[in-house]
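Report on the following structure.
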Amino acid sequence: MIKKILIIGVLAVVGLIFFDLFNAYQGNESLSKTANYYAENGASQVGAANLVTAIVVTYRGLDTLGEVTILFLTAAIISFILKFREEDFMPNRSVRVTSELLDSAAQVIVPVIFMVGVYIFMNGHLTPGGGFQGGAVIASGVLLMIMANPNFGVSHKVIAVVESISGIAFVLIGVLGIVLAGGFLDNTLLPLGKLGDLFSAGVIPVIYTFVGLKVGAELSNIIGTISHVQNEKN
Amino acid sequence: MEYIIISTGFALMLLGLWGILSQKNLIKIILGFTIFNTGINIVMVSIGYVRGKAAPILDVIKPSEAASKIVDPIPQALVLTAIVIGLGVTALMLVYVLKLHREKNSLDINSFKDLKW
Amino acid sequence: MFIAIAIVIGVASLIGGYIAIHHEKLSVAVIASGLVSLFASIIFLLLAAPDVAMTEASIGSGLTTLIFFYVLNKIRQRND
């Protein structure tokens, strides 16, 4: 009983705070000062048609590096907690039989899914999308492969190689920006090109490709670990 | 329109908080966390909305007149990263639940009293 | 027109959230929470944020729901 009263009390206080915030909200008629700067100078300084990409990769590139690190840490902790023994991979564990339809369809669809994922992160600076969305699409392709064949193990060696190479390349491009251009993750390392072309916006397509590969590898690792953990015997 | 959407976001946050506080099942508590997360993201994006403006993509809009024709791109960039981190945190919580379920063979939060005083 | 869509989507997502928290069957609750994410991605589209809408639809609604189902499956296997 006391618990219920406490819950209602907490909800009332938080609701009051939210109501205050809602009352203070006026709606915007124009951009704030920072956003105005990005909107006016984004096209000439960065050369990306998609301003969200320009902010994520160049203006706030350090945030993205930190975020990718957090995702890497999460995947590592999950693998650490759910560590499994060698006999879990023995073929005699009981797996359900998948239908012929799913098995055959997966072989046709999975390459197309991978291609869509690569398309999404290659065009991140022109259209909506980018490394994170493309990585999620690639991870869903891996998920389909696991569903079609439950014995399919996500190779940790491949994932480790892809993840390390793309992570190191991301940092290396950032450091090269200090040496050759204006600062960490400066994208004028390569020529900016014409606004709207595939090869434009400096190093943004390169960085977003590495981010997409890294995110795809990390999400595939999480899915593979969770789906392959064997139930311990009592 | 943005007033309706921002109130939806606040209502989802309250709903998620209520679920976190009142439910006994660990999976239900995590569902409360994800709903809270969605509500926060909706509120953050709607703060950056500017009435009647287009998305911040300069394909038809000329770069010279961009400042007067697009919505605020900064909250969108922040929410983009927040969603991805949300997936990582949710997966981590679910894995802890899996491990806890192995210890006590139960999903009820009242059966985990080892650290209760 | 947009106001009507916003009201319908907002009410639908609140109903989905209520079901996600209060339904007895866990699988129905997980599906309802995925539905909330899907409605949220439509809301992001209304707010002129296509990037965020794509992320929410693929990650928030797709992968999160599937990870929930994997974990539910593991727990059910153990209870049998």
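The values are calculated or read from the model by the stated rules, or taken from the named source; none is laboratory data. From a predicted model like this one, the values you see are computed outputs, not experimental measurements. Here Cβ is always computed from backbone atoms with ideal geometry, including for glycine, and neighbour counts include all displayed protein chains.
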Legend entry - Residue list for segment A:32-43, restricted to those being exposed (fewer than 15 other Cβ atoms within 10 Å of the Cβ) and more than 7 Å from chain B (Cβ to nearest Cβ): A:LYS33, A:TYR37
Inset, instruction - Within segment B:48-76, work out how many residues are modelled with pLDDT under 80, part of a helix (DSSP H, G or I) and of a type outside the set (Gly, Ala, Ser). - result: 2
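Per-residue answers, yes or no, for (1) part of a loop (DSSP other than H, G, I, E, B); (2) away from chain C (no Cβ under 12 Å); (3) within 27 Å of A:VAL161 (Cβ to Cβ):
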site: A:LEU185; (1), (2), (3): yes, yes, yes
site: A:GLY193; (1), (2), (3): yes, yes, no
site: A:PHE210; (1), (2), (3): no, yes, yes
site: A:VAL215; (1), (2), (3): no, no, yes
site: A:GLU218; (1), (2), (3): no, no, yes
site: A:GLY224; (1), (2), (3): no, no, yes
site: A:SER227; (1), (2), (3): no, no, yes
Inset, instruction - Please enumerate the residues belonging to segment C:28-47 that are within 11 Å of chain A (Cβ to nearest Cβ) and crowded, with 22+ Cβ neighbours inside 10 Å. - result: C:PHE44
Legend entry - Index of the failed condition, C:HIS23 passing every other in (1) within 14 Å of chain A (Cβ to nearest Cβ); (2) under 26 Å from C:ILE7 (Cβ atoms): (1)
Inset, instruction - Examine segment B:9-16 for a residue that is more than 7 Å from every other protein chain (Cβ to nearest Cβ), touching a Ser or Thr at 6+ places or on another chain (Cβ under 9 Å), assigned to a helix (DSSP H, G or I) and surrounded by fewer than 17 Cβ atoms within 10 Å (Cβ to Cβ), and state whether such a residue exists. - result: no
Legend entry - Condition check for B:ILE85: without any contact (Cβ under 8 Å) to a residue 40 or more places away in the chain and within 20 Å of the chain's Cα centre (by Cα): yes
Legend entry - Hey, A:ALA49 without any contact (Cβ under 8 Å) to a residue 40 or more places away in the chain, among the aliphatic types (A, V, I, L, M) and either closer than 30 Å to B:TYR3 by Cα or surrounded by 24 or more Cβ atoms within 10 Å (Cβ to Cβ) (or both) or not: no
Inset, instruction - Output the number of the condition that C:LEU26 fails; it satisfies all remaining conditions of (1) in contact with a strand residue (DSSP E or B) (Cβ under 9 Å, 6 or more places away or on another chain); (2) within 30 Å of A:ILE120 (Cα to Cα). - result: (2)
Inset, instruction - Take segment A:58-82 and flag every residue that is of a type in the set (Val, Ile, Thr) and modelled with pLDDT of 85 or more. - result: A:THR64, A:VAL68, A:THR69, A:ILE70, A:THR74, A:ILE77, A:ILE78
Legend entry - Restricting segment B:32-42 to residues that are under 24 Å from A:ILE5 (Cβ atoms) and in contact with a helix residue (DSSP H, G or I) (Cβ under 6 Å, 6 or more places away or on another chain), the residue that is surrounded by the fewest Cβ atoms within 10 Å (Cβ to Cβ): B:PHE36
